[in-house]
Amino acid sequence: MQNKPMVNRRTFLETAGAATGAAIAAGTYAHPAIGAVKGANERINVAILGPGGRAQEHIRILGNLKEETKLVDIIGLCDVWDGNDDIKRGLYPSAKKCGLDPEGKDKDRITKDYRKLLECKDIDVVLVATPDHWHAKMSADAMEAGKDVFCEKPMTHTIEEARNLVEVVNRTKQVFTVGVQSTADPRWREANAL
């Protein structure tokens, strides 16, 4: 049995880029979220904005973490596309994967308006995996709403957007990390050392 490090929500997010990288896929890295999470409900509640292609791997990993530890849960989804059951992506197929009920108790957490999820007090983390031109706006809005953010690359499209996000991070003190999984892969550090 592996010793699993104790972390809090901030540490979880700061290492999320590496955690969703190739090492996790290979099963050789003990995810830092496995341990005691300090919080009112003892878990990290995640909302995913844009559960299309890239987010499917995040849904898989977060689902595995939920099964293994019960310390993380996807409790909200937003996409303007209803989705496609054949390819199992988009709003409603992803809701099913996450165990959310679009007709019942979860119907207000499955939305086409991401701002509704930002109003939810029990959402801790927003994962932004929308089309690239929405990354900066959604990330800034989420931090302004008191949410920590994991944003897929690219973070922004312009220098002005990047400067704005830096200002928002500094002012709100929210955790903000960008998913650059391939560059967070330990093999790059090994290659550099060689």
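The values are calculated or read from the model by the stated rules, or taken from the named source; none is laboratory data. Predicted model, so just to flag it, every value in this text is computed and none were measured. Here the Cβ is made from the backbone with ideal geometry for all residues, glycine too, and neighbour counts use every protein chain on show. When the accessible area is computed, the model is the full protein with side chains, heavy atoms only, and any ligands, DNA or RNA have been set aside. Shrake-Rupley method; radii C 1.70, N 1.55, O 1.52, S 1.80 Å.
Here are some notes:
- Hz values of 3J(HN,Hα) by residue in region 110-117 - Karplus curve (6.51, -1.76, 1.60), Gly and Pro given as x: 10, 9, 9, 10, 4, 5, 5, 5
- Stretching HIS157 away from ASN170 to a fully extended chain increases their span by 2.7 nm, per 0.36 nm per residue minus the current alpha-carbon distance.
- What the phi angles of region 72-87 give under the Karplus curve with 6.51, -1.76 and 1.60, with θ = phi - 60°, is a coupling list of 9, 8, 8, 10, x, 9, 9, 7, 7, 9, 4, x, 9, 5, 5, 9 Hz, glycine and proline written as x.
- Under-5 Å amide H pairs with ILE44, H placed in peptide plane, nonlocal only: VAL72, ASP73
- Fraction of accessible area attributable to carbon and sulfur, region 43-194 (%, probe 1.4 Å): 52
- Couplings 3J(HN,Hα) of region 142-147, computed from phi: 5, 5, 4, 8, x, 9 Hz, in residue order, whole Hz [Karplus 6.51 cos²θ - 1.76 cosθ + 1.60, θ = phi - 60°; x for Gly and Pro].
- Length released on extending from LEU194 to ILE87, taking residue separation times 0.36 nm less the Cα-Cα span: 34.4 nm
- Sorted peptide list for 140-152, 107-119, 73-85, criterion being average Cβ within 10 angstrom, highest first: 140-152, 73-85, 107-119
- Against the criterion of solvent-accessible heavy-atom surface with a 1.4 angstrom probe, ARG187, ARG171, ARG43, ARG163 sort, most first, into ARG163, ARG187, ARG171, ARG43.
- Out-of-range pairs (alpha-carbon distance over 18 Å; input LYS116/LYS137; LYS147/LYS173; LYS66/LYS88): LYS66/LYS88
- Under the simplified labelling scheme, the ARG187-HIS133 pair shows an inter-label distance of 3.4 nm, with each label point 7 Å from Cα along Cα→Cβ.
- Amide hydrogen neighbours beyond the local backbone of CYS151, cut-off 5 Å, H modeled: VAL128, THR177, VAL178, GLY179
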